[in-house]
Amino acid sequence: MGFHIRGRVLPRGERVDVYVEDGRFVSEPDGEVETVLEDAWLLPGLVDVHAHLALASPAGDDAAVAARVRASGRAHLESGVLAVREPGSLDHSSTGLGPADGMPRVHAAGRFLAPPGRYFPGLAREVHDDQLPDAAVEELNAGGGHWAKIIGDSPVGQPHLAATFSTSALAEAAVRVHAAGGRIAVHCSVPEVIQDAIDTGFDSLEHASLLRPDQVDALAAAGAAWVPTRIINSGIRHLIRDLGYPETVVREIERGLDRQPEVLCAAAEAGVPLLAGTDAGMGPHGMIRTEIQLLLAAGLSPDVALGAASWSARTWLGLPGIEHGAPADLVAYRTDPREDVSALGSPSLVILAGALLIDAR
């Protein structure tokens with residue numbers, strides 16, 4: 001038996017009858033259906049665009065990597081997240097995971113790529129400039145062909161945040177990944193590396209914590225997305241002090257974090273794709289509602305902030321919405337989460353690939 005849900009599909013808010021049959025949305029059911037919810041607000045699932053499933057897992061650090069990945073995935077499902085992009089991991093345990101594994105749809109990027117001694121011990125595949133392009137393609141393929149991820153700057157091995165790879169190495173890696181049919185992401189914080197990523201054709205800027213207002217237009221023209229991971233900003237403030245950075249450097253970084261709301265609003269106005277990611281792994285999994293709240297607190301409109309974790313993010317990842325023939329991924333709420341973001345904490349229904357995961361009617 002299939003499902004029938006009546007509600008308003010965001011972002012347009014039109015009232016529709018949604019039918020689920022054989023794991024997909026259909027315009028008209030062939031057989032008998034059960035009406036499971038009426039008068040609801042419907043999303044095609046939430047998305048966490050930046051989460052590291054093997055790190056900070058509910059399974060604990062002593063569990064096998066594959067078990068940690070799956071436990072983290074379940075935490076995302078419980079929060080209504082039906083798709084996760086993992087920009088870097090310890091190994092390739094996340095590759096190809098999805099609903100058949102009891103997991104959100106995962107877009108993995110293989111292993112982190114960083115130079116020797118320039119990232120946190122044990123996390124990255126370590127490569128030099130001349131090895132980076134080949135390694136990026138190898139990790140793209142090992143991660144399922146969607147993404148590769150490069151650590152563009154780091155506090156490790158230096159007395160301050162500093163670039164890890166040359167501009168030419170970044171450029172060649174981007175060219176090679178694109179030629180292989182994938183997209184490429186960069187962990188970046190400082191304006192110089194952010195500019196390198198914009199100029200060399202990277203598809204997404206991860207964190208870009210110190211992005212300057214005068215870089216917004218170039219970012220918009222390049223068409224790259226920005227994943228600001230605002231949820232980790234307080235952690236960054238503590239980290240730079242724990243690392244013993246000079247006070248002048250601390251003040252410069254804190255000024256950059258303080259101006260992030262202004263830069264985010266300018267980026268939204270300029271048409272930069274803004275996407276919601278929690279950097280889960282640095283913190284707990286299943287925290288996408290907090291990131292949406294922080295985007296709202298920065299001054300973004302409810303449509304932009306919620307879209308960054310739902311319909312806009314799904315479109316950017318190439319995932320369909322609530323439409324005929326698409327896999328039936330859906331989260332339903334009793335109230336409009338654009339008007340009351342706390343509604344995201346109490347989904348009435350969570351359906352993944354046609355399977356009813358949460359039923360709190």
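Structure notes:
- Residue match in the range 117-131 (condition: surrounded by 20 or more Cβ atoms within 10 Å (Cβ to Cβ) and on the phi > 0 side of the Ramachandran plot): no
- Filter result for the condition that a residue is small (Gly, Ala, Ser), touching a residue at least 60 places away in the same chain (Cβ under 8 Å), open to solvent by 10 Å² or more (accessible area, probe 1.4 Å) and in contact with a Ser or Thr (Cβ under 7 Å, 6 or more places away or on another chain), over Gly325, Gly286, Gly281: Gly286
Quick grid of which residues meet (1) in contact (Cβ under 8 Å) with a residue 40 or more places away in the chain; (2) more than 24 Å from Ala71 (Cα to Cα); (3) part of a strand (DSSP E or B):
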position: Leu97; (1), (2), (3): no, no, no
position: Pro116; (1), (2), (3): no, yes, no
position: Phe120; (1), (2), (3): no, no, no
position: His178; (1), (2), (3): no, yes, no
position: Asp196; (1), (2), (3): yes, yes, no
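- 2 or more residues under 17 Å from the mean Cα position of the chain (by Cα) and within 21 Å of Ala108 (Cα to Cα): qualifying helices (runs of 4 or more DSSP H) within the range 236-321: 288-297, 311-317
- Selection count where residues are more than 29 Å from the chain's Cα centre (by Cα), closer than 12 Å to Ala332 by Cα and at pLDDT 95 or above, scope the range 7-36: 0
- Search result, residues across the range 54-74 that are outside any loop (DSSP other than H, G, I, E, B), open to solvent by 20 Å² or more (accessible area, probe 1.4 Å), closer than 28 Å to Asp359 by Cα and aliphatic (A, V, I, L, M): Ala66, Ala67
- Entry remark, the range 1-25: residues being among the aliphatic types (A, V, I, L, M), in a strand (DSSP E or B) and open to solvent by less than 30 Å² (accessible area, probe 1.4 Å) number 4 in total.
- When we screen Leu37, Leu43 for residues that are open to solvent by less than 10 Å² (accessible area, probe 1.4 Å) and farther than 20 Å from Val106 by Cα, the only hit is Leu37.
Residue by residue, here is whether (1) open to solvent by less than 10 Å² (accessible area, probe 1.4 Å); (2) over 14 Å from Pro133 (Cα atoms); (3) in contact with a helix residue (DSSP H, G or I) (Cβ under 7 Å, 6 or more places away or on another chain) holds:
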site: His178; (1), (2), (3): no, no, no
site: Ile184; (1), (2), (3): yes, no, yes
site: Leu205; (1), (2), (3): yes, yes, yes
site: Ala208; (1), (2), (3): yes, yes, yes
site: Arg212; (1), (2), (3): no, yes, yes
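- Residue check, Thr315 hydroxyl-bearing (Ser, Thr, Tyr), open to solvent by 50 Å² or more (accessible area, probe 1.4 Å) and within 21 Å of Val84 (Cβ to Cβ): yes
- Enumeration of residues in the range 328-361 that are hydrophobic (A, V, I, L, M, F, W, C), in a strand (DSSP E or B) and open to solvent by 50 Å² or more (accessible area, probe 1.4 Å): Leu356, Leu357
- Residue within the range 335-342 that is within 18 Å of the chain's Cα centre (by Cα) and under 21 Å from Glu291 (Cα atoms) present: no
- Filtering the range 46-68 to residues that are more than 12 Å from Pro284 (Cβ to Cβ), in contact with a Leu (Cβ under 8 Å, 6 or more places away or on another chain) and among the hydrophobic types (A, V, I, L, M, F, W, C) leaves Leu46, Val47, Val49, Ala54, Val65.
The values are calculated or read from the model by the stated rules, or taken from the named source; none is laboratory data. Everything numeric here is computed off the predicted structure, so don't read it as measured data. FYI the Cβ positions are ideal-geometry reconstructions off the backbone, even for glycines, and counts take in every protein chain you see. Ligands, DNA and RNA are excluded from the accessible area calculation, which covers all protein heavy atoms including side chains. Shrake-Rupley method; radii C 1.70, N 1.55, O 1.52, S 1.80 Å.
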